1. Could you check R290 against (1) within 25 Å of I101 (Cα to Cα); (2) open to solvent by less than 80 Å² (accessible area, probe 1.4 Å) and say which number it fails?
2. Got at least one residue in segment 48-63 being of a type in the set (D, E) and either in contact (Cβ under 8 Å) with a residue 12 or more places away in the chain or open to solvent by 100 Å² or more (accessible area, probe 1.4 Å) (or both)?
3. List every residue pair whose Cβ atoms lie under 6 Å apart, where the two residues are 6 or more positions apart in sequence or sit on different chains, the first residue falls within segment 163-184 and is without any contact (Cβ under 8 Å) to a residue 24 or more places away in the chain, and the second residue, located anywhere, is outside any helix (DSSP H, G or I) and surrounded by 15 or more Cβ atoms within 10 Å (Cβ to Cβ).
4. So how many residues does segment 327-372 have that are in a helix (DSSP H, G or I) and open to solvent by 40 Å² or more (accessible area, probe 1.4 Å)?
5. So if I check each of L103, L123, L85, which one is among the aliphatic types (A, V, I, L, M) and within 23 Å of the chain's Cα centre (by Cα)?
6. Quick check on this structure: which one of T5, T79, T23, T106 is open to solvent by less than 70 Å² (accessible area, probe 1.4 Å) and over 30 Å from M371 (Cα atoms)?
7. Looking at segment 297-316, can you tell me whether even one residue there is within 30 Å of W95 (Cα to Cα), out of contact with any helix residue (DSSP H, G or I) (no Cβ under 9 Å at 6 or more places or on another chain) and in a helix (DSSP H, G or I)?
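The values are calculated or read from the model by the stated rules, or taken from the named source; none is laboratory data. Bear in mind that the values here come from a model prediction, so they are computed numbers and not experimental data. Positions of Cβ are backbone-derived with ideal geometry, glycine not excepted, and every protein chain shown enters the neighbour counts. The protein model used for the area step is the full one, side chains on, heavy atoms only, and it has no ligands, DNA or RNA in it. Shrake-Rupley method; radii C 1.70, N 1.55, O 1.52, S 1.80 Å.
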Amino acid sequence: TTESTIKAQQKLLTDLRNSISKTPVMREFAEGKRRETRLHIRGNFLDPGDVVKSAVPELFGSLPEDVPASRLSIARWITQPENPLTARVMVNRVWARLFGIGLVETEEDFGTQGMMPTHPELLDWLAVDFQEHGWSLKNLIRTIVLSATYQQSAVVTQERIAADPRNQLLSRGPRFRLSAENVRDQALAVSGLLTQRVGGPSVMPPQPEGVWKSTYSDLKWQDATGPNRYRRALYTYWKRTSPYPAMVTFDASSGEVCQIRRVRTNTPLQALVTLNDPAFVEAAGALAKRMETVDGDIAVRIHRGFRLVLTRPPSDEETARLVALYQVLRHDFENDAESANRLVKAAQQEAGDAALIAVANVLLNLDEALMKP
């Protein structure tokens, strides 16, 4: 009947609306509906003091008289041309993402407790140029990466290491390890596994059993399957008291406090992650599958995998070493079928060349693959 059809369509519409992820937003009440806010004496909410109103700190001046004391007005006040700080902070953060360290190393602190800029005039020039080009991040990044400074070779000599160990003098091109999220995403991308979907709820990629326990609820970690298993690291379900271990090993923040700058470390645990974590083993299996699609001998297939991972062809010496490694592994796996089958199964492959999967794993673990050249 018509009535039942309408109800069915309404149910479909309701289910569709409920399935859409919602993002909380903050809206400002009208002037007459805003609550009264008081200063808490010694932070005690039971001991309210004077009424406070929206304003900027008196030390930094005041808002123009003809604008309301709203968040939009404060945003415009922060980014006005007369304020050099906002542009300097933003430029410094972009510089740090490209060079591994900011012109002001303490990205999170431009005050008296922070470090002085290594190149103050350069920072000032970039900040002014950033403002004059309409706060365009694209133009800022283009300006930096097309500079002779950025395009220097990252190859160093003993003399340069001794004179400029942290490259604060910009004596060479930047070279530093990728971030935790990029390490994972790159392995999935070159293997062809990375899910391209944008948006949606968080997912639970595989992690060791027993790591994640929810004390305050019955929620349990359930390894994602299908495309959700290979979503970008951005979508990984994050619990502050038990963050995803593979990313924490690569210095990702637990999320318990706001962290502007990550301090990179170098530990053996990181190699254990990229060699043994399910995401990387499965990426190695998928990469080996891509290598197998190329017609030719093992050298041709290794050449294909090398280019996929490092975006450059291997040298003759690199090819010879990888071919030799493959032959040794092939011999070992032929004499140990159980280990070969276990590796193929761990790589989520129904069938495959275990030796080639191991070589693909080696490619994903090359220093050049994990570092930003």
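1. Of the numbered conditions (1) within 25 Å of I101 (Cα to Cα); (2) open to solvent by less than 80 Å² (accessible area, probe 1.4 Å), the odd one out for R290 is (1).
2. yes
3. Going by the 6 Å Cβ cut-off, the qualifying pairs are D164/S171; R172/V156.
4. Final tally of qualifying residues: 17.
5. Checking each option against the conditions leaves just L103.
6. Testing whether each residue is open to solvent by less than 70 Å² (accessible area, probe 1.4 Å) and over 30 Å from M371 (Cα atoms) leaves just T79.
7. Yes, segment 297-316 contains at least one residue that is within 30 Å of W95 (Cα to Cα), out of contact with any helix residue (DSSP H, G or I) (no Cβ under 9 Å at 6 or more places or on another chain) and in a helix (DSSP H, G or I).
Let's see how each residue does on (1) more than 25 Å from V190 (Cα to Cα); (2) loosely packed, with under 13 Cβ neighbours inside 10 Å:
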residue	(1), (2)
L219	yes, yes
G226	no, yes
Y230	no, no
L234	no, yes
S253	yes, no
L272	no, yes
